[in-house]
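Participant: The structure under discussion is supplied below as structure tokens; questions concerning it will follow.
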């Protein structure tokens with residue numbers, strides 16, 4: 001627990017400094033590291049051990065991500081990508097519920113592309129084109145971390161009913177409720193921060209937080225299939241990069257889509 005808390009404090013400090021006070025290139029570098037590290041760790045789910053094969057997957061994800069960002073400059077195209085991403089995460093939920101043991105290598109590789117690419121496009125578009133874009137990136141990450149933290153403590157204190165025992169035996173419905181409660185508070189704070197009506201913004205935050213749970217469970221499904229406890233060992237007490245941002249992968253496209261529907265954006 002001590003290592004988990006100290007690591008979280010360091011990560012939060014670095015994130016705030018880079019997004020709010022760093023030069024523009026530092027945010028772009030952070031997001032580039034985000035997709036590269038995420039793709040590297042996802043390649044570990046494929047059952048390949050050779051560095052060349054894993055690096056090949058990283059390059060594939062990077063190429064698709066850059067291509068998607070360059071081709072989908074128009075707002076309508078970007079909106080369709082976010083809709084496609086939301087549909088994918090709903091499909092991932094059905095996968096978790098109905099057939100969590102059926103994870104073929106090709107399907108796992110495709111799932112990595114569908115998880116990583118739209119999220120990276122969403123975050124980079126926020127930074128490059130949206131007013132207060134870095135603030136939005138920080139808020140999305142804060143919302144997901146709040147939902148995850150609330151779920152952890154509520155689940156530890158009073159968790160009884162398992163959420164998805166075949167995928168992640170430690171997660172409970174009580175934890176989900178705790179996470180949603182903390183996400184609600186963050187949503188209200190965000191509505192004040194961005195000057196938005198809470199009646200519309202808080203439900204969007206809850207939807208994004210709910211999708212973040214699906215992102216977490218999806219990564220857990222692939223880790224379990226690969227026989228891994230964590231996606232990596234970069235962060236003491238937390239695991240790898242994907243273990244920290246799996247919820248962001250699902251929440252970022254949903255949040256962007258909701259904000260577009262609310263008439264916000266460039």
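Participant: Give the residue, chosen from 111, 146, 164, that is at pLDDT 95 or above and under 25 Å from residue 252 (Cβ atoms).
Facilitator: Values: 146 fails: at pLDDT 95 or above; 164 fails: at pLDDT 95 or above.
So the residue among 111, 146, 164 that is at pLDDT 95 or above and under 25 Å from residue 252 (Cβ atoms) is 111.
Participant: Go through the stretch 126-138 and give me each residue that's assigned to a helix (DSSP H, G or I) and surrounded by fewer than 22 Cβ atoms within 10 Å (Cβ to Cβ).
Facilitator: Applying the first criterion (assigned to a helix (DSSP H, G or I)) to the stretch 126-138 yields 126-129, 133-138.
Across the stretch 126-138, the qualifying residues are 127, 128, 129, 133, 134, 135, 138.
Participant: If you scan the stretch 174-192, which residues turn out to be out of contact with any helix residue (DSSP H, G or I) (no Cβ under 7 Å at 6 or more places or on another chain) and surrounded by 15 or more Cβ atoms within 10 Å (Cβ to Cβ)? Before you say what the answer is, go through the steps one by one.
Facilitator: Step one: filter the stretch 174-192 for residues out of contact with any helix residue (DSSP H, G or I) (no Cβ under 7 Å at 6 or more places or on another chain), giving 185, 189, 192.
Correct list: 189 only.
Participant: Can residue 20 be described as in contact (Cβ under 8 Å) with a residue 60 or more places away in the chain, out of contact with any strand residue (DSSP E or B) (no Cβ under 7 Å at 6 or more places or on another chain) and either surrounded by fewer than 17 Cβ atoms within 10 Å (Cβ to Cβ) or assigned to a helix (DSSP H, G or I) (or both)?
Facilitator: Numbers: in contact (Cβ under 8 Å) with a residue 60 or more places away in the chain: yes; out of contact with any strand residue (DSSP E or B) (no Cβ under 7 Å at 6 or more places or on another chain): yes; either surrounded by fewer than 17 Cβ atoms within 10 Å (Cβ to Cβ) or assigned to a helix (DSSP H, G or I) (or both): yes.
Judged against the criteria, residue 20 is a match.
Participant: Which numbered condition in (1) farther than 21 Å from residue 78 by Cβ; (2) touching a residue at least 40 places away in the same chain (Cβ under 8 Å) is the only one that residue 156 fails?
Facilitator: Looking at each condition in turn, residue 156 falls short on (2).
Participant: State whether one or more residues within the stretch 36-49 are in a helix (DSSP H, G or I) and surrounded by fewer than 17 Cβ atoms within 10 Å (Cβ to Cβ). Reasoning before the result, please.
Facilitator: Here is the first cut: in the stretch 36-49, the ones in a helix (DSSP H, G or I) are 36-46.
With the extra rule that they be surrounded by fewer than 17 Cβ atoms within 10 Å (Cβ to Cβ), the set shrinks to none.
Within the stretch 36-49, none of the residues are in a helix (DSSP H, G or I) and surrounded by fewer than 17 Cβ atoms within 10 Å (Cβ to Cβ).
The values are calculated or read from the model by the stated rules, or taken from the named source; none is laboratory data. Since we're looking at a predicted model, the values are computed, not measured. Note: ideal-geometry Cβ built from the backbone for every residue, glycine included; neighbour counts use all protein chains shown.
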